[in-house]
Amino acid sequence: MADPATARTLRGRARAGLRRLTRHPRAAALVDRLAPRSVRTRTTLAACAGVAVVLLCASAAVLLLLRVNLERTVGTAAREQAAAVSRLAADGHLTARLPTGPGTDFIQVTDATGAVVAASENLAGRAAIAPAAAAGHNSYNLHALGDEHHQRVITVTTDTPTGPVTVRVGASLRTADAAEDLTTAALAALSGVLLLTIGVLTWRATGRALRPVEAIRAEVAAIGDRDLDRRVPEPRSDDEIARLAHTMNAMLERLEAAGARQRRFIADASHELRSPLAVLRTQLEVARTHPDPAVREDLVAGALQDTERLQSLAADLLLLARLDATGHDLPDREVDLTGLVHTAVHAHGSRPHPVAVHTAPGLTVAGNALWLGRLLTNLLDNAQRHARDTVTVTLGRDGRTGEAVLDVTNDGPGIAPEDREKIFERFARLDDARSRDDGGTGLGLPIARDIATIHGGTLTVLDTPDGTTFRTRLPRAGSRPDEPPHP
């Protein structure tokens, strides 16, 4: 066995060498390349390392308990033999030749001068065992018997009629050493088999568990911007991987829907721009060649009207792009909604139908005053376009949730329930003629709903006794869109 101080020195030198090695750039790069990169390998190594540590600690505990138990058994036999010889010496019945008992190898009795008084047959005629070699109750190699093996020596001093004597009884630890060696070999073999089994099982189980992940990765890698209708395979198990696959498919569905909306928006925008551009070009070409000044003037007036329509459409498209880029970040400025309603109604005017206003005083919301004004203007434009006689604007507060409730009602024809969501789609028209002829672009209501959504509110359509009502609900000032309503 190595000396503990030497072992500590060797361990210290090994750690210092490892630190110097890892500080070297090439060595660090080599270590980095050799480090396992796959989850499967890292999981297998971690499982094997954990089991190895547990096995090492358990094996050390088993060997320690076995050694202590065997040495205690051997020491008990030697101690009983030493006590018996001590009693013989104290009674003055000590003989020159002493028989060894079961479990003991030798007996030697020396007097105060170190002379051998009595000994077992195998130590007859030999000099006294050196005190340094026999001191204490430790096990060590003893050469006195001509056979090098561990011994457990028990030393007892007793008084006799002729003076004090020292009794030394040695018990062989050969059986204990053999049992320890056999147990160590068995534990090493069993640990090796167990580690190999754990490694194989972990490798296979991890591979089986990660197989759906690899299938998901391969499918996602194969999906291009033209293949958003494809979906990743969903495992039948109800675990984290199945939930990951479900989440990925939900994300792909949202991407597909977003791509479809974008393509439809581009197609609709192109169609909306193409019609006034074609009319505008025709009017300008005719005006350029027509000889009658009065006709040219009418054509130029029509061209200006189409130019204004194009300008309005471009402004709406720009605002939609800004709203899409803003997302759902709620502006944090406080807006006097009551004053904003009166200002917007006054600026809009009462043509072609009068507007009745009913507002509660002092209603404030958190938001962007310019966008909220645009929301109200779009709702007023829509109401004026479809009203028969009157338009009514009502502003109040919901007593249960504290939300501001803005109703814009027109007494025109109602909207069928199946069409109440369609009217908020971009460029959607229930009656193409009634929107195109009066200057509508099909973007007013989508813009209004986007503005309400960004402010944490909602915009819905209701049937009321007075006609059709567009109801906007906005959270009170100081609340956030993700907060639930407060009673």
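The values are calculated or read from the model by the stated rules, or taken from the named source; none is laboratory data. Only a predicted model underlies this, so the values are computations on that prediction, with no experimental measurement involved. Backbone-built Cβ (ideal geometry, glycine too); neighbour counts: all protein chains shown.
Okay, residues lined up against (1) closer than 16 Å to residue 467 by Cα; (2) modelled with pLDDT of 90 or more; (3) surrounded by fewer than 17 Cβ atoms within 10 Å (Cβ to Cβ):
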site	(1), (2), (3)
378	no, yes, no
383	yes, yes, no
392	yes, yes, no
397	no, yes, yes
400	no, no, yes
406	yes, yes, no
412	yes, no, no
415	yes, no, no
421	no, no, yes
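For the stretch 232-262, the set of residues classified as crowded, with 16+ Cβ neighbours inside 10 Å and either touching a Ser or Thr at 6+ places or on another chain (Cβ under 8 Å) or not in a helix (DSSP H, G or I) (or both) consists of 232, 234, 235, listed by residue number. Inspect the stretch 190-208 for any residue being surrounded by 12 or more Cβ atoms within 10 Å (Cβ to Cβ), closer than 30 Å to residue 58 by Cα, at pLDDT 85 or above and among the basic types (Lys, Arg) and give the result as yes or no. Yes, the stretch 190-208 contains a residue that is surrounded by 12 or more Cβ atoms within 10 Å (Cβ to Cβ), closer than 30 Å to residue 58 by Cα, at pLDDT 85 or above and among the basic types (Lys, Arg). Could you say which residue among 314, 321, 325 is modelled with pLDDT of 80 or more and part of a helix (DSSP H, G or I)? The conditions single out 314.
The conditions of being more than 30 Å from residue 51 (Cβ to Cβ) and of a type outside the set (Phe, Trp, Tyr) are not met by residue 215. Within the set 292, 298, 316, the sole residue that is within 44 Å of the chain's Cα centre (by Cα) and not aromatic (Phe, Trp, Tyr) turns out to be 316.
Please find, among 318, 370, the residue that is aliphatic (A, V, I, L, M), outside the structural domain of residue 450 (by TED's automatic domain parsing) and surrounded by fewer than 17 Cβ atoms within 10 Å (Cβ to Cβ).
Working: 370 fails: outside the structural domain of residue 450 (by TED's automatic domain parsing).
Testing whether each residue is aliphatic (A, V, I, L, M), outside the structural domain of residue 450 (by TED's automatic domain parsing) and surrounded by fewer than 17 Cβ atoms within 10 Å (Cβ to Cβ) leaves just 318.
When residue 21 is tested against the conditions (1) touching a helix residue (DSSP H, G or I) at 6+ places or on another chain (Cβ under 7 Å); (2) at pLDDT 70 or above, the lone failure is (2).
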